[in-house]
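J.: Could you have a look at this structure, given as structure tokens, before my questions?
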Amino acid sequence: QEEYGGCDAQHTWNGFWQYDGMTKQIAVCILNYNGAELLKQFLPSVVEHSKGAEIYVIDNQSTDDSCSILKTDFPDVQLVLNDENYGFTEGYNHGLTTVKEELLVLLNSDVEVTDGWLTPFTMAFEDPAIAACQPKILAQRDKAYLEYAGAAGGYIDWLGYPLCRGRIFETTELF
């Protein structure tokens, strides 16, 4: 196993959900680069509310104490070590090659999740025509409002491009 920053990669899984009589696995995948503070703040909610899913943190060669925090505070979270900092998209592409689960949730490291958050995803994938989905995201500072950064809280067209919903110029919609 490769090692850097005092961390060893771990690879196991056990998250399953039922789909048309078949068992499918869910992986929650979080890309990280020097996000120790974000991991401490937001990963506890992911661990608490993602029962039945395997959680992976894909690390892009962090130089902070991200790996030691994961090893010490989150021993059940699987750590995938990229061999260099590939940036966002390529970082996910490299890290996801080690993930074996069938359904992948790509989650930003600054997201707090709540109880039952995976249920709408699993229900959406009961339709074989569904290949990707995106949730409505509430603003961290005021959870009565939808988050609109990066077109969050919107729709995804048939090509996988997000369409902004939740922002109309300078106005945001209430949830």
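Any read-out appearing in this document is the output of simple, stated calculations on the displayed coordinates, not a laboratory observation. Only a predicted model underlies this, so the values are computations on that prediction, with no experimental measurement involved. Cβ placement follows ideal geometry from the backbone for every residue including glycine, while neighbour counts extend to all protein chains displayed.
J.: Pop out the ³J(HN,Hα) list for segment 57-66 in order, Karplus 6.51 cos²θ - 1.76 cosθ + 1.60 with θ = phi - 60°, rounded to Hz; leave Gly and Pro as x.
T.: These are the phi-based 3J(HN,Hα) values: 10, 9, 9, 9, 6, 4, 10, 8, 8, 3 Hz.
J.: Using a Förster distance of 35 angstrom, determine the FRET efficiency expected from the C-beta separation of LYS51 and GLU84, and round it to 0.05.
T.: Step by step, r from the Cβ atoms, then E = 0.55.
J.: Sorted by packing (mean other beta-carbon atoms within 10 Å per residue), highest first, where do 41-47, 97-103 land?
T.: 41-47, 97-103
J.: Further question on the same structure: Quick check: pseudo-label points 7 Å beyond the Cα along Cα→Cβ at LYS143 and THR98, how many nm apart are they?
T.: Label-label distance for LYS143 and THR98, simple model: 3.3 nm.
J.: Which far-off residues, 5 or more places away or on another chain, put their amide H under 5 Å from the one on VAL28, with H placed in the peptide plane?
T.: GLU54, ILE55, TYR56, VAL105
J.: Shifting gears a bit: Measure off 7 Å from each Cα along the Cα-to-Cβ vector at THR119 and ASP73, then give the distance between these two points in nanometres to one decimal.
T.: Between THR119 and ASP73, the simple spin-label model gives 2.9 nm.
J.: While we're here: Report the extension gain between LYS40 and CYS133 in nm, rounded to one decimal, defined as 0.36 nm multiplied by the number of residues separating them, less their alpha carbon distance.
T.: So the extension gain works out to 30.8 nm.
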